[in-house]
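Engineer: A single structure is presented below for examination.
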Amino acid sequence: MTSAVTTGTSATSTTSARPGYGQLLRTPGALGFVLPGFAARLPFGMLTVSILLLVQHTTGSYGSAGIVTAVTGVSMAVFAPLMGKFTDRFGQSAVLVPAALTHTASVGALAALALLGAPLWALVLAAIPTGASVPQAGPMVRARWAAKLEGSPLLPTAAAFESVTDEFTFVVGPVLATFLCTQVHPSAGLITEATLTLVGGLVFAAQRATQPKPAGRPANGEQHASALSFPGLRVLIVAFLGIGAVFGGMQVSLAAFSNEIGNPGANGLLYGVFAAGNMVAGIAMGAIAWKIGPRRRLILGYIGLTAAASVLWAANSAVLLGALGLVVGLCIAPALITGYTMIEQLIPAASRTEAFTWLTGAVAFGQAVAVTLAGRLTDAHGSSYGFLVPMAATALALVTLLALRAKLAPKAPSRIVNSSAPATSPATAPATASATSQATSQAAPVASRNRVNERGMGHRVPVTVD
């Protein structure tokens with residue numbers, strides 16, 4: 001690793017080169033947890049739409065399907081932070097293996113009950129362990145990057161890469177599940193979800209060399225601060241609830257719209273267009289060196305998302321709805337990725353895994369509530385009313401963001417030149433001041449460039465000027 005202050009041309013070449021995705025993935029041992037980690041987290045994007053389509057097929061009601069899906073999402077949202085705490089304390093493998101096994105069995109039971117025509121209350125009961133046992137693979141992968149790249153300039157690149165990967169699972173998972181449920185078998189989405197969870201989870205858990213060391217129980221009765229105690233996280237949770245509502249409302253309403261026009265297969269195409277916009281914007285977000293602070297990026301992105309979601313209800317053709325869905329997809333990524341990256345500024349390292357699970361759970365909860373409400377509105381009035389749910393949810397979240405935006409600004413640290421330097425005596429003060437002045441003048445160009453890059457990534461500097 002290069003030193004903070006270097007001289008000559010090496011300093012310029014080292015600091016001006018922005019770490020890229022290729023360099024990140026060449027990190028020793030990275031692919032060993034990235035690939036199985038992706039397989040273990042892709043089911044998160046498949047679960048809710050798979051349940052929705054299966055239960056709607058067996059019951060004939062989007063309302064009933066929405067209830068079962070909502071219970072699954074709420075259960076996951078409630079238990080995800082608890083799983084994050086257990087992971088920090090006991091280690092990833094100790095939590096991931098039993099979670100993957102439990103989830104696979106629960107999904108199998110839920111699918112069997114649905115195909116056998118079980119009553120709604122039985123499906124609801126089966127949905128509780130299904131959601132509670134969803135492995136939190138995404139936060140675990142982030143924790144491995146943080147442990148492996150601590151102090152490295154590649155750490156912000158890893159954060160951007162993980163945000164893009166999350167985005168990929170959010171949009172590709174539902175497309176895959178929709179195809180399996182509509183073109184193969186109504187239960188094929190859930191079966192594939194359970195299989196990926198089991199295989200990916202066990203392979204990921206087996207990669208013990210890159211697993212962060214568990215913290216164990218706090219010594220001397222000390223208590224780690226809960227991530228939820230930080231107000232910035234609570235504001236982000238509201239924003240992510242709105243994002244989850246977009247995913248949930250789009251899933252139900254696009255499926256209902258496709259049925260209304262007599263072409264159920266169009267659901268996969270329409271959601272694919274939405275996914276394409278999401279992915280394009282997500283990749284761009286990780287590649288652009290931003291010159292505005294993350295708080296402003298989040299607010300601007302959310303304004304765009306709210307505006308785009310507010311006109312979905314007016315679409316009266318598949319072409320128009322596809323175009324609007326593309327715009328909504330393009331607007332989700334800036335808000336979602338920026339929110340995830342802000343965790344590194346707002347939450348101490350000891351609580352970040354839990355913080356990531358809160359945001360993941362917020363997306364799941366918002367998605368679950370939106371599926372329920374959109375399902376009932378769609379059953380009663382048609383798909384156009386289902387699109388009102390994303391509109392209302394994003395508008396409420398935007399108002400909250402604007403009202404509480406001050407809580408998204410990290411506290412400024414004390415400005416210390418060298419916190420590790422020993423105190424100087426009056427006799428040595430002039431010499432020390434001269435050396436410090438010389439080092440500062442050498443470091444000025446490097447520091448200037450770093451400030452631009454750090455503000456652009458939105459990761460490194462705890463103080464961002466909007």
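The values are calculated or read from the model by the stated rules, or taken from the named source; none is laboratory data. As the structure is a prediction and not an experimental result, all values here were calculated from the model. In this analysis, Cβ positions are derived from the backbone assuming ideal geometry, glycine residues included, and neighbour counts consider all displayed protein chains. All accessible areas refer to the heavy atoms of the entire protein, side chains included, with ligands and DNA or RNA removed. Shrake-Rupley method; radii C 1.70, N 1.55, O 1.52, S 1.80 Å.
Engineer: Please list 3J(HN,Hα) in residue order for region 29-38, calculated via the Karplus relation 6.51 cos²θ - 1.76 cosθ + 1.60 where θ = phi - 60°; whole Hz, with x for glycine and proline.
Structural biologist: Karplus-based 3J(HN,Hα) across region 29-38 equals x, 5, 5, x, 10, 5, 5, x, x, 5 Hz.
Engineer: Could you tell me the accessible area of Ile288 in Å² (1.4 Å probe, neighbours in place), rounded to the nearest ten?
Structural biologist: Rounded to the nearest 10, the figure is 70 Å².
Engineer: Related question: Whole-Hz Karplus ³J(HN,Hα) for region 238-252, in order, using 6.51 cos²θ - 1.76 cosθ + 1.60 and θ = phi - 60°, x for Gly and Pro?
Structural biologist: Along region 238-252, the couplings run 4, 4, 6, 4, x, 5, x, 5, 5, 4, x, x, 5, 4, 5 Hz.
Engineer: From the backbone phi of region 354-370, what are the Karplus-calculated ³J(HN,Hα) couplings (6.51 cos²θ - 1.76 cosθ + 1.60, θ = phi - 60°) in whole Hz, Gly and Pro given as x?
Structural biologist: Those phi angles translate into 4, 4, 4, 5, 5, 5, 4, x, 5, 4, 5, 5, x, 5, 5, 5, 5 Hz.
Engineer: Roughly how many Å² of Arg208 are accessible to a 1.4 Å probe, to the nearest 10?
Structural biologist: Roughly 150 Å² of Arg208 is accessible to a 1.4 Å probe.
Engineer: Also, I was wondering about something else. Go through Glu150, Glu260, Glu193 and list them by solvent-accessible area, largest first, probe radius 1.4 Å. Kindly include the intermediate steps, with their values, before the conclusion.
Structural biologist: Working: Glu150 145, Glu260 105, Glu193 5 Å².
Correct descending sequence by accessible area is Glu150, Glu260, Glu193.
Engineer: For Leu346, Leu115, write out the residues from largest to smallest accessible area, computed with a 1.4 angstrom probe and no ligands counted. Before the final figure, lay out the partial values.
Structural biologist: Details: Leu346 25, Leu115 90 Å².
So, going from the largest accessible area down, we get Leu115, Leu346.
Engineer: Got a number for the accessible area of Val134? Probe 1.4 Å, square angstrom, nearest 10.
Structural biologist: 10
Engineer: Right, next: Taking a ≥ b ≥ c as the square roots of the Cα gyration tensor eigenvalues, with a/c under 1.5 meaning rounded and otherwise prolate when a/b beats b/c, else oblate, which class fits region 83-180?
Structural biologist: Values: a/c = 3.90, a/b = 1.79, b/c = 2.17.
The shape class here is oblate.
Engineer: While we're looking at this one, here's another question. Put Ser258, Ser61 in order of accessible area, largest first, 1.4 Å probe: what do you get?
Structural biologist: Accessible-area ranking of Ser258, Ser61, largest first: Ser61, Ser258.
Engineer: Would you mind getting the accessible area per residue of region 168-216, heavy atoms of the protein chains only, 1.4 Å probe, in Å²? Kindly include the intermediate steps, with their values, before the conclusion.
Structural biologist: Numbers: 2210 Å² over 49 residues.
Averaged over the residues of region 168-216, the accessible area is 45 Å².
Engineer: Starting from the Cα-Cα distance between Leu228 and Val199, subtract it from 0.36 nm times their residue separation and give me the gain in nm to one decimal. Display every interim value, and only then the final one.
Structural biologist: Numbers: separation 29, 0.36 × 29 = 10.44 nm, distance 3.19 nm.
Between Leu228 and Val199, full extension yields an extra 7.2 nm.
Engineer: Something else now. How far is it, in nm, from the label point at Ala284 to the one at Leu25 when both lie 7 Å from their Cα along the line to the Cβ?
Structural biologist: Calculated label separation equals 2.2 nm.
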